[in-house]
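Structure, as structure tokens:
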Amino acid sequence: MFFFNKGFFIITFMKERDAKIKALRNETIGTLTENISWEELFQNNTLRPILKFQNDLLIELFITYATKNKNVFFNLSLEKRISYIENVSISDVVFRNQLIGVVIGLFSIGEYIEYSKNPSNFNKRIITMLIERWKSQSQLLEKK
């Protein structure tokens, strides 16, 4: 006879999911010092590795966004491209939320609990780091 314990199954599944997610991005990025704030620790242990892991997808999301929005981005000078990246990442709420969702989707349960304590702050950090990544990789932001 098989006994199914739903609570045990869910907890086991969550632990397996967390372990698999953390294995995908097993590195800390950034400097860790004794005086580091927990927000910086979360940024270096969680946000930066996820952004690095999701880099190709995030670039493709930007290219798709720019293409669907009249292809204006691809004809701009480098200076205006940087301004465009900053403006759309901050002002287009739907696009911004999509970008944040790509990051949150790779949180462990514990990381999500930490994130949910101050989502506004972490969303700003996510978008700021993403903008910097896109600026430094502007040569990859080309229509295919």
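Residue under question is E111, and the condition is that it be touching a residue at least 40 places away in the same chain (Cβ under 8 Å) and over 17 Å from D18 (Cα atoms); does it hold? So E111 does not fit the description; no. Of all the residues in region 83-116, those that are under 18 Å from E60 (Cα atoms) and of a type in the set (S, T, Y) number 2. Residues in region 65-77 include at least one that is of a type in the set (A, V, I, L, M), modelled with pLDDT of 90 or more and buried (at least 16 other Cβ atoms within 10 Å of the Cβ).
No other residue among R133, R125 is farther than 14 Å from T46 by Cα and in a helix (DSSP H, G or I) apart from R133. Restricting to region 78-92, and then to whatever is under 17 Å from Q139 (Cβ atoms) and in contact (Cβ under 8 Å) with a residue 24 or more places away in the chain, can you tell me which residue is surrounded by the most Cβ atoms within 10 Å (Cβ to Cβ)? Ranking the qualifying residues of region 78-92, first place goes to I85.
Of all residues in region 117-144, count the ones that are of a type in the set (G, A, S) and open to solvent by less than 60 Å² (accessible area, probe 1.4 Å). Result for region 117-144: 1.
Counting only residues that are farther than 17 Å from N121 by Cβ and either open to solvent by less than 40 Å² (accessible area, probe 1.4 Å) or at pLDDT 90 or above (or both), region 28-64 holds 14 of them. Every test in (1) of a type outside the set (D, E); (2) open to solvent by less than 40 Å² (accessible area, probe 1.4 Å); (3) farther than 19 Å from K52 by Cα is passed by V102 save one, and that test is (3).
The values are calculated or read from the model by the stated rules, or taken from the named source; none is laboratory data. Model, not experiment: these values are computed from the prediction. Quick reminder, even Gly has a Cβ in these numbers, built from the backbone with ideal geometry, and neighbours come from all protein chains shown. Ligands, DNA and RNA are excluded from the accessible area calculation, which covers all protein heavy atoms including side chains. Shrake-Rupley method; radii C 1.70, N 1.55, O 1.52, S 1.80 Å.
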